[in-house]
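For reference, the structure discussed in these notes is given below.
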Amino acid sequence: ASIESFLCDVIRYSADVTQEHELYTLEDGLDLWLAVLRSAPAGTPALLALFPLLPPVLMRDYDRLQSCLHITESYLLLYPSDLLAHHGQALASMLDGVAGNVKDAGALMTLQVLDTMLVVCPHGASTLLSSTPLGHKIFNMALSAEESHLVSAALLALLSRLCFLDPPAFLTSLQHAAALGLKAPPGIPPPAAFVDACLDNIDHLMLPRKRRLVCVALLSLIATRDATLLQRVPLILNVVVEVLHSERKEAILPSSGSEQDLEYSEVLSRALGEYDCTSLQPQEQEAESVRRRDVEPQATLETTSLAAIAHAKLGECAALNGEGLYAQILESADPDVVAQLRRFFA
């Protein structure tokens, strides 16, 4: 306890941008802060109480954006619920100030933090996004077609996780964002615009697990009577079959997928300074890397069968709309795609 108290005092002073020597202490203070969080076996009230020091660092400039976002992500892993309960509004305001105001590398880092937030605390994160300007900004950036392909795809993957967690709440949040004003294509309802954006950008998601996440979200929307969404079912089935084939290939030849993931990870590591547990000390690996491994199944949806979800959602679509309309929907799809899908269901 005495060591923790000493470390917290050092961080509290060195990371405080209002003290007169911050020019000389801030960088080292942030490095120490991150190391303490990553090596902590468990969260403590004293460490949690330090978080309010972080937003002022980012509010001043983005010179230490990478360090601040890594610290934020470590906080989310260490305090999955408590961080949002005690500092949720400050966190949302901080990330809102970053989103849309930094280059692609910074935007991708910010979206990674938001994705981690949705993984470790789904309900709290969903509520926070739907109740703050940050949520509206994310929807707007995703549907505006003004971001780069890489950032647009990452935004849509983030919204896909939100959709997968609670489709009705997602649609409500989307309609609320539309009421506040969205830079979406004119004349297209917001849910259909979201589907179109996902279909247009899914090929820009390099990681198979991200494409899988988008497919799961799109499938969650087809159990509907909404005519504009039903019109898009054939296109959704196209990408679902593509991802199912990719997953089958990965199961047969796992090395090819692993090499792709490794190559992408190396690219992100160089561009974003992404977390790499191999560079940590043994104690840090025993703490933060364990926390990351614990949330990996939720992050990658590895326990979710895409074929089973597709089968279930198509069944719900048929039950809602009747076999006649459902048959018409399948008739409008590529017959080869439908045949392949049925083989996946067998």
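Key figures for this structure:
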{"quantity": "Lone qualifier among L47, L69 - being under 24 Å from R293 (Cα atoms), within 20 Å of the chain's Cα centre (by Cα), at pLDDT 90 or above and not in a loop (DSSP other than H, G, I, E, B)", "calculated": "L69"}
{"quantity": "Unmet criterion (only one of (1) of a type outside the set (G, A, S); (2) open to solvent by 40 Å² or more (accessible area, probe 1.4 Å); (3) part of a helix (DSSP H, G or I); (4) modelled with pLDDT under 95) for E316", "calculated": "(4)"}
{"quantity": "Residues located in region 1-26, provided they are in contact (Cβ under 8 Å) with a residue 12 or more places away in the chain and closer than 20 Å to T44 by Cβ", "calculated": "E4, S5, L7, C8, V10, I11, R12, Y13, S14, A15, D16"}
{"quantity": "Test: R64 is at pLDDT below 95, surrounded by 22 or more Cβ atoms within 10 Å (Cβ to Cβ) and closer than 28 Å to L207 by Cβ", "calculated": "no"}
{"quantity": "Residues of region 72-87 that turn out to be among the hydroxyl-bearing types (S, T, Y) and within 14 Å of T44 (Cβ to Cβ), as a count", "calculated": "3"}
{"quantity": "Residue tally, condition of a type in the set (S, T, Y), within 15 Å of A107 (Cβ to Cβ) and in a loop (DSSP other than H, G, I, E, B), over region 131-153", "calculated": "2"}
{"quantity": "Filter result (open to solvent by less than 40 Å² (accessible area, probe 1.4 Å) and free of Cβ contacts under 8 Å to residues at least 24 places away in the same chain) within region 331-342", "calculated": "A339"}
{"quantity": "Hits in region 130-147 (condition: farther than 13 Å from L174 by Cβ and not polar (S, T, N, Q))", "calculated": "P133, L134, K137, M141, A145, E146, E147"}
{"quantity": "Candidate set: region 1-28, residues that are among the small types (G, A, S) and modelled with pLDDT of 90 or more; chosen: the one most open to solvent (accessible area, probe 1.4 Å)", "calculated": "S5"}
{"quantity": "Failed item in (1) at pLDDT 90 or above; (2) surrounded by fewer than 16 Cβ atoms within 10 Å (Cβ to Cβ); (3) not in a helix (DSSP H, G or I), with G187 passing the rest", "calculated": "(1)"}
{"quantity": "Per-region count, region 1-43, residues more than 31 Å from the chain's Cα centre (by Cα), in a helix (DSSP H, G or I) and not acidic (D, E)", "calculated": "11"}
{"quantity": "Out of T110, T127, T116, sole residue that is over 15 Å from L165 (Cβ atoms) and either open to solvent by less than 30 Å² (accessible area, probe 1.4 Å) or part of a helix (DSSP H, G or I) (or both)", "calculated": "T110"}
{"quantity": "Single match in S152, S144, S148 (criterion: within 24 Å of I222 (Cβ to Cβ) and among the small types (G, A, S))", "calculated": "S152"}
{"quantity": "Test result for L182, open to solvent by 30 Å² or more (accessible area, probe 1.4 Å) and modelled with pLDDT under 90", "calculated": "yes"}
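So that you can scan it fast, the table gives a plain yes or no per residue for (1) charged (D, E, K, R); (2) more than 22 Å from the chain's Cα centre (by Cα); (3) modelled with pLDDT of 60 or more:
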| residue | (1), (2), (3) |
| --- | --- |
| S258 | no, no, no |
| L280 | no, yes, no |
| A299 | no, no, yes |
| A312 | no, yes, yes |
| N321 | no, yes, yes |
| G324 | no, yes, yes |
| A327 | no, yes, yes |
| L330 | no, yes, yes |
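The values are calculated or read from the model by the stated rules, or taken from the named source; none is laboratory data. These numbers come from a predicted model, not from an experiment. Methodologically, a virtual Cβ is constructed for each residue, glycine included, from the backbone with ideal geometry; neighbour enumeration extends over all protein chains shown. When the accessible area is computed, the model is the full protein with side chains, heavy atoms only, and any ligands, DNA or RNA have been set aside. Shrake-Rupley method; radii C 1.70, N 1.55, O 1.52, S 1.80 Å.
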